[in-house]
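Reviewing the structure listed below.
Please treat every number below as a calculation from the coordinates, not as lab data. Predicted, not measured: the structure shown is a model, and the values here were computed from it. So basically every Cβ, Gly included, is an ideal-geometry build from the backbone, and we count neighbours across all protein chains shown.
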Amino acid sequence: MSAAKPSLRISEIFCSLQGEAREVGFPTVFIRLTGCPLRCTWCDTGYAFHGGENVDLETILARVALHNTPRVTVSGGEPLAQKQCPDLLKLLCDKGYQVSLETSGAIDISSVDARVVKVVDVKAPGSGESEKNRVENFDFISANDQLKFVIKDRGDYDWSLGFIDQHALSKRCDILFSPVYDVMSATDLANWLLKDQRQIRLQIQLHKYLWGEVAGT
């Protein structure tokens, strides 16, 4: 009997514009993995906590190739909750794709291929999951990676600035602040950043402004 092929539980694979982070606006294939150990209050992908289908790695690569775009984002849920995720990331890099990983920061990222751009969330108190931040991950962040703070209110903003200074994160990579859609005013957040003269990039979720809440990436 032959061994089962390595597989991942996949919620969906689709092509859209990248809505966040450094590559915002570019056509991108998204591979959304099922499952997440966190329950952030503002999560917009709760449908990916359960369900999905088991797909072997070769089939995943074949589905990605159908979209004919060089950029691939592996997301969730929390993709690193599945042990085969680093293998998929490596295979995508080996195929020549520009690969990014969207991860909660609550799981060890040390096994992620160095060619992958890691977009790591840092959970502010408004998420309800700030105690899950794995500070050990910062040792594996390079200048090519990005740290993202989702901001729900002024308390999250002030906490995030303090956290950045405490861990000297500005010296490691780009820092992104993203307002919670339809909760935190993007204009207010922009004004706070301008007033404080912080070298932090404001990002909005482009896909939601284009297509609404149903188009979360």
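The charge dipole of the chain, taken about its Cα centre with unit charges on the Cβ of Lys, Arg, Asp and Glu (plus for the first two, minus for the last two), comes to roughly 300 debye.
The phi-based Karplus calculation (6.51 cos²θ - 1.76 cosθ + 1.60; θ = phi - 60°) puts the 3J(HN,Hα) values of the stretch 199-210 at 7, 10, 8, 7, 10, 10, 7, 3, 4, 6, 6, 7 Hz, whole numbers, x for Gly and Pro. Specify the inter-centroid distance of the stretch 168-190 and the stretch 75-143, based on alpha-carbon positions, in whole Å. If we compute the Cα centre of each part, the gap is 19 Å. Sorting 188-197, 97-106 by average packing, meaning the other beta carbons within 10 Å per residue, from highest down gives 97-106, 188-197.
Based on C-alpha pairs under 8 angstrom that are at least 6 apart in sequence, the stretch 44-167 has a relative contact order of 19 percent. Put simply, the amide H of G19, placed in the peptide plane, has neighbours under 5 Å in G25, H207, leaving out anything fewer than 5 places away on its chain. Taking amide H as placed 1.01 Å from N in the peptide plane, G35 has its amide H under 5 Å from the amide H of F49, H50, E78, each at least 5 places away in sequence or on another chain.
Under 5 Å between amide hydrogens, built in the peptide plane, is the criterion, and for T73 it picks out V29, F30, I31, S100 among residues at least 5 positions away or on other chains.
Of all lysines in the structure, those lying under 20 Å Cα to Cα from K208, and not within fewer than 8 positions of it along the same chain, are K148, K152.
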